[in-house]
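Coordinate-derived values only; no laboratory data. Keep in mind it's a predicted model, so treat the numbers as computed, not measured. Counting neighbours? That spans all protein chains shown, and the Cβs are built from the backbone with ideal geometry, glycine included.
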C-alpha cells in the first residue's frame, strides 16, 4: 500500500532519520533539522511531502516557497526551491516516486510560479520519472572537494592558492567558528555588499544567519585579520558526509595580501577535514555554457567537477518568462 504524507505530523521521524543515513541521495537539506529550521524563518513558507510503501518511508521532498520585495514584486517572484534534491530510498517503486512528484507539483502550482529542485547528488537513474511528470532537466555544474584529511586537502590546492594562503597566514589572517551575533552581523554586512554590487540577486534577511548559528549542524566561520572580520562562510553539515558552503564572502576593501575570500573558503574545507566530514560541497558552479568567473575561483581548490543539474517545473509560464526578463535586467545594471 502506498501512502502520501503532506505534513511532518504524518511522517515517521525515526524512518526519516534512517532514510537520511541510508540514501545515496541524502543531503542536509532533506533532514528534519533543516525542515524545522525553515519553520522558524519569517520570510519563507516551508513545505514537506513524503511517501511510504507498506509502512516504510521511501521518499521525502523538503523545500520552501519564497518571494521578494513589496507585494507587487512578490507576486512576480514567488518560487518554490528544493535544495539538495529529493531524498529517495533505493527500493522506491517507479509509480510511488511519480505519485510523490505529481502530488508536489499539483500543490505547489497553486502557490508558486515555478518549482526548482537543485541536485547535489546524482539523479540520472530517476531522470525519466521527473520528465514524465513535466520537469525539465537543466545542466548545472558543481565542485566536490575530498576532505578526508587536512594534508591532502591542502595539497589539492593549486600552487597559486597555496602560496596565497601561506601569505595570508603570514600577515596574521586566521579563521575561526563563531556563534556571537555581533560577528554574524558583521559577516552579513559584508555578504550584503557582495550581493548588492556583484551577485545582484536577493539575499536572505539577517534573521536566517542569526538562527543558523543556533543549529546543531549550522556553522558560521569567519576570517579575521587583527580581530577585524574580513570574510566568512555560512555552512551546514550532514554529519559524517558533507559540509555545504551555503554563503561565502570576502571584504574586497582590505589589503589584497589578506585574500579574504580564499581564507573564508579554506575555512570550510579545513573545518570539514578536521571534523571527519569527507566531502566539501561548493553548492554550485554555474551553467556549463556560461562564462562564470566564480567557477574559475572554485576550480583552484582541487575539487572534482560534477554535473548533477537541476529539475525545473514551470507552474505559470507567462509569469516565469517575465520574471526571467526582470532578473536579467537587474543583473545587467551597473
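Working from Cα positions, state the angle (0 to 90°, nearest 10) between the long axis of helix 94-108 and the longest principal axis of the chain.
80 degrees
Separation between the residue 276 and residue 170 pseudo-spin-labels, each 7 Å from Cα along Cα→Cβ, expressed in nm?
Label-label distance for residue 276 and residue 170, simple model: 3.7 nm.
State, to one decimal in nm², a quarter of the convex hull surface area for the C-alpha atoms of the range 143-305, i.e. the direction-averaged projected area.
9.1 nm²
By how many degrees, between 0 and 90 and to the nearest 10, does the Cα long axis of helix 13-22 differ from the longest principal axis of the chain?
The angle comes out at about 60 degrees.
Residue separation times 0.36 nm, minus the C-alpha to C-alpha distance between residue 162 and residue 2: what's the value?
Details: separation 160, 0.36 × 160 = 57.60 nm, distance 5.32 nm.
Between residue 162 and residue 2, full extension yields 52.3 nm more.
Residues in the range 88-105, backbone N under 15 Å from the label point at residue 128 (7 Å along the Cα-to-beta-carbon vector): list them, ranges by number please.
Within reach of a label on residue 128, which here means backbone N under 15 Å from a point 7 Å along Cα→Cβ, the range 88-105 contributes 93-98.
Using a Förster distance of 45 angstrom, determine the FRET efficiency expected from the C-beta separation of residue 91 and residue 226, and round it to 0.05. Provide the component values of the computation, followed by the final result.
Values: r = 56 Å, r/R0 = 1.24.
Using R0 = 45 Å, I get an efficiency of 0.20.
Just order 162-171, 86-95 by mean Cβ neighbour count inside 10 Å, highest at the front, would you?
Descending mean neighbour count gives 86-95, 162-171.
For the range 46-100, what is the relative contact order in percent, using Cα pairs closer than 8 Å and at least 6 residues apart in sequence?
36 percent
So how much slack lies between residue 18 and residue 305, counting 0.36 nm per residue of separation and subtracting their Cα-Cα distance, in nm?
Full extension from residue 18 to residue 305 adds 100.4 nm.
Place a point 7 Å from Cα of residue 297 in the direction of its Cβ. Which residues in the range 127-149 have their backbone N less than 18 Å from it?
141-145
Restricting to Cα pairs below 8 Å that are 6+ residues apart, what does the relative contact order work out to for the chain? Please round to a whole percent.
Computed value for the chain: 21 percent relative contact order.
So what is the relative contact order of the range 143-305, in percent, for Cα pairs below 8 Å that sit 6 or more residues apart?
Contact order relative to length: 34 percent.
Give the percent of DSSP beta bridges with both residues in the range 143-305 that are antiparallel, rounded to the nearest 5.
The antiparallel fraction comes to roughly 90 percent.
When you count, for each residue, the other Cβ atoms within 10 Å and take the mean per peptide, how do 258-270, 213-225, 237-249 rank with the highest first?
258-270, 237-249, 213-225
Roughly how tilted is helix 159-170, in degrees to the nearest 10 and between 0 and 90, from the longest Cα axis of the chain?
60 degrees
Rounded to the nearest 0.05, what FRET efficiency do residue 322 and residue 289 give with R0 = 22 Å and r taken as the Cβ-Cβ distance? Could you check?
Values: r = 23 Å, r/R0 = 1.05.
Rounded to the nearest 0.05, the efficiency is 0.40.
Report the calculated FRET efficiency for residue 137 and residue 216 (r = Cβ-Cβ distance, R0 = 30 Å), to the nearest 0.05.
After rounding, the FRET efficiency stands at 0.35.
Highest mean first, how do 51-57, 31-37, 111-117 rank when packing is the count of other Cβ atoms within 10 Å averaged over residues? List each step's numbers first, then the result.
Values: 51-57: 16.6, 31-37: 19.1, 111-117: 21.9.
Answer by packing, highest mean first, reads 111-117, 31-37, 51-57.
Please give the calculated 222 nm ellipticity per residue for the chain, where each DSSP H segment of at least 4 residues contributes -39500 (n - 2.57) and the sum is spread over every residue; nearest 500 deg cm²/dmol?
Using -39500 (n - 2.57) per qualifying helix, the result is -11500 deg cm²/dmol.
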